[in-house]
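Everything below concerns the one structure shown next.
The values are calculated or read from the model by the stated rules, or taken from the named source; none is laboratory data. As the structure is a prediction and not an experimental result, all values here were calculated from the model. Positions of Cβ are generated from backbone atoms using ideal geometry, with glycine treated the same way; all protein chains shown enter the neighbour counts.
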């Protein structure tokens, strides 16, 4: 019966979508195969160097808003874009893999669209 696999696939998709975190595959981003989306954050891994990702994150947050604090040792940047508080964290996972997480909150509420926009701009500019 073909309806049983379809039903199971729909059930799994429904559960993943409403659990608060799901995974998107992006082909146009290039070196990033996909990224995870939660309530207020976008996280993904890339094969671009940590120095390129760091300088791109600093440049993008400065262009889009004002950088409040930056700590290269910890790999964090905190900025204000419009009225949203943005936090970018960058860490080296392996010699060839960097993980970046961008979170944005506007008046204590998640601003997922802004986090996604900043994430994609950083990845695009890290070439």
Check your understanding: Looking at 102, 67, which is the one that is at pLDDT 95 or above and under 20 Å from residue 48 (Cβ atoms)?
Key -> 102
Review point. So, of the residues in segment 56-85 that are touching a residue at least 40 places away in the same chain (Cβ under 8 Å) and either out of contact with any strand residue (DSSP E or B) (no Cβ under 9 Å at 6 or more places or on another chain) or over 14 Å from residue 114 (Cβ atoms) (or both), which turns out to be surrounded by the most Cβ atoms within 10 Å (Cβ to Cβ)?
Key: 57
